[in-house]
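The values are calculated or read from the model by the stated rules, or taken from the named source; none is laboratory data. Remember, it's a predicted structure, so these values are computed and weren't measured experimentally. Positions of Cβ are backbone-derived with ideal geometry, glycine not excepted, and every protein chain shown enters the neighbour counts. Calculation scope for accessible area: heavy atoms of the full protein, side chains included, ligands and nucleic acids excluded. Shrake-Rupley method; radii C 1.70, N 1.55, O 1.52, S 1.80 Å.
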Amino acid sequence: MNIAIIDYESGNISSVINSFKKVCTNQNIEIKIEVTSDLKTILSSDKIILPGQGSFKNCTKSLEKIKGLKDTLNEFAIIKKKPLFGICVGMQMFADVGYEETETKGLGWIGGNVKKIDNKENQFKLPHIGWNELSFTSNSKLFRDIKEKSHVYFVHSYKFVPDNETYVSSKTNYSEAIVASVEKDNLFGTQFHPEKSDSVGLKIIENFINL
Amino acid sequence: MLKNRIIPCLDVKNGRVVKGINFVDLKDAGDPVEQAKIYSESGADEICFLDITASNENRETIFDVIKRTSENCFVPLTVGGGVRSLEDINKLLVSGADKVSINTAAVNNKNLIKESSKKFGSQCIVVAIDAKQKNDKWEIYTHGGRTETGIDVLDFAKKMEDSGAGELLITSMDRDGTQKGYDIKLISEIEKKVNIPIIASGGVGTLEHLFEGVKYGKASAVLAASIFHYGTYSIQEAKQYLDSKGIPVRI
């Protein structure tokens, strides 16, 4: 199996690379992991990881800087319907639009927008940093063998607000119920960082690999 | 519910672990990668390395330590010490650090926090503040506590938040190495001033001190070095203790 981790200068991806490598070694699965922005390599991969750190605006801009990348991702995920896993801002970009810094158009894969978490007049610190609990809202393949209320690691100030709840697979609570993950057919996304979520996170990565 | 984090910190010099009393009198006690692994297996919510390597020729040792740690530990790794420039930050992140803590350069280079949080994202920029009490105020010290700056801690903390810092790591120079507990007043005053998470540091000698940091200091995370490093308490014991006192922790 070939897995491509999209390299589009969206921040630090070494932990993503390390975690996928670790899971593959543990599983003895023959998997080739490529960190790439090459369109042909991406399109011919079996699965894609779309990481993303920093702001919605910067990530979308970086994505657009690589000519043809957006179209390639569209072809891979929407036309060919092959599995794609968006992490943090990588997931947020599934939305139609983001409001971080300025209004920015997203990939438009899952209807909705990305806006700032309501900190209830400074009662809640932002960013939302640390370990919080998952509460499942649907039966996601990503969470096979993962217990309700498992802890995963979050770092974000903006939240994904979907037009309808159908594609939300889990939530977490921080000042309000916040989308922790989404799933729509072959599209998977987590607001939290599985690569930094210890054994629970590695299990989620394993589940994605074994889809 | 968001849990309060427990962060063991390892002082690293020339690629080896040390922990000093008041930043002097260092003892060598092991391989940082092995230590980090033990910590993450026993439930550490994050791991922090403070690189106190003095000489430039040995600076590279930290990158190998980070690389090997990040290949084996899957909880966030924060690295600080001697970070001066965007290039320094980039090198640490590429090696496998998830966050970088910046101390002296945050004071001396007024644009570094703004530029770095913009370039790499606030989530990986931690500003480390070393504070010493002066009358009824606190003052910023740099260079591992050796240089007085005359800068007011509360003003500086607010400025760092506005510049884009994702978290503040507050160390009381008066308490560091004393095992007398955090400077709760310092932590809570800063917590009231800013709306980003605070990591309390400096002075932990007992598990009760960790409790006080969260309960009275309102810190989002508590950092300690020697009580974990010398095996006085395990991370698990610390978590069970906090849990028994009603503090939300990841168990």
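Residue by residue along B:166-174, Cβ atoms of other protein chains within 10 Å of the local Cβ number 1 on average. In this structure, the pairs whose alpha-carbon distance is over 29 Å, taken from A:67/B:158; B:67/B:185; A:65/B:158; A:22/A:65; A:32/A:196, are A:67/B:158; B:67/B:185; A:65/B:158; A:22/A:65.
The mean number of Cβ atoms from other chains found within 10 Å of a Cβ in peptide A:6-12 is 3, as a whole number.
Rounded to the nearest 20, the size of the Cβ-charge dipole of the protein assembly as shown about its Cα centre is 400 debye, with Lys and Arg at +1 and Asp and Glu at -1. Residues whose amide H comes within less than 5 Å of that of residue B:205, counting only those at least five positions distant or on another chain, are B:181 (H built at 1.01 Å from N in the peptide plane).
Of all DSSP bridge pairs formed entirely within the range A:2-209, close to 60 percent run antiparallel.
Near residue A:159, the amide H atoms lying under 5 Å from its own belong to A:115, A:116, A:117; only residues 5 or more places off or on other chains count, and H is placed 1.01 Å from N.
Label-to-label distance, residue B:180 versus residue B:108, with points set 7 angstrom from Cα along the beta-carbon direction: 3.0 nm. Solvent-accessible surface of the range A:2-209, averaged per residue with a 1.4 angstrom probe and all protein chains in place: 40 square angstrom. Each of residue B:143 and residue A:177 was given a label point 7 Å from its Cα along the Cα-to-Cβ line. The distance between the two points is 5.6 nm. When you count the other C-beta atoms within 10 angstrom of each residue and take the mean per peptide, A:129-141, B:236-248, B:61-73 line up highest first as B:61-73, A:129-141, B:236-248.
Less than 5 angstrom separates the built amide H of residue A:108 from those of A:95, A:96, all sequence-distant by 5 or more or on a different chain.
The string of couplings for the range A:172-187 from the Karplus curve (6.51, -1.76, 1.60, θ = phi - 60°) is 9, 10, 8, 6, 6, 6, 10, 5, 9, 7, 10, 8, 9, 6, 8, 9 Hz, one whole number per residue in order, with x for Gly and Pro. Computed from phi, the 3J(HN,Hα) profile of the range A:151-159 under the Karplus parametrisation 6.51, -1.76, 1.60 (θ = phi - 60°) reads 8, 9, 9, 10, 8, 6, 10, 10, 10 Hz, with x in place of Gly and Pro.
Once you have a ≥ b ≥ c as the square roots of the Cα gyration tensor eigenvalues for chain A, tell me rounded if a/c is under 1.5, and otherwise prolate or oblate according to whether a/b is larger than b/c. Here chain A falls in the oblate category.
Phi angles of the range A:83-92 translate, via the Karplus equation with coefficients 6.51, -1.76, 1.60 and θ = phi - 60°, into HN-Hα couplings of x, 10, 10, x, 10, 6, 5, x, 6, 4 Hz per residue; Gly and Pro are given as x. Starting from the Cα of residue B:59, step 7 Å along the direction of its Cβ; do the same at residue A:57; then give the gap between the two resulting points in nm. About 3.3 nm separates the two model spin labels.
Rounded to the nearest angstrom and listed largest first, the equivalent-ellipsoid semi-axes of the protein assembly as shown from its Cα gyration tensor are 36, 23, 22.
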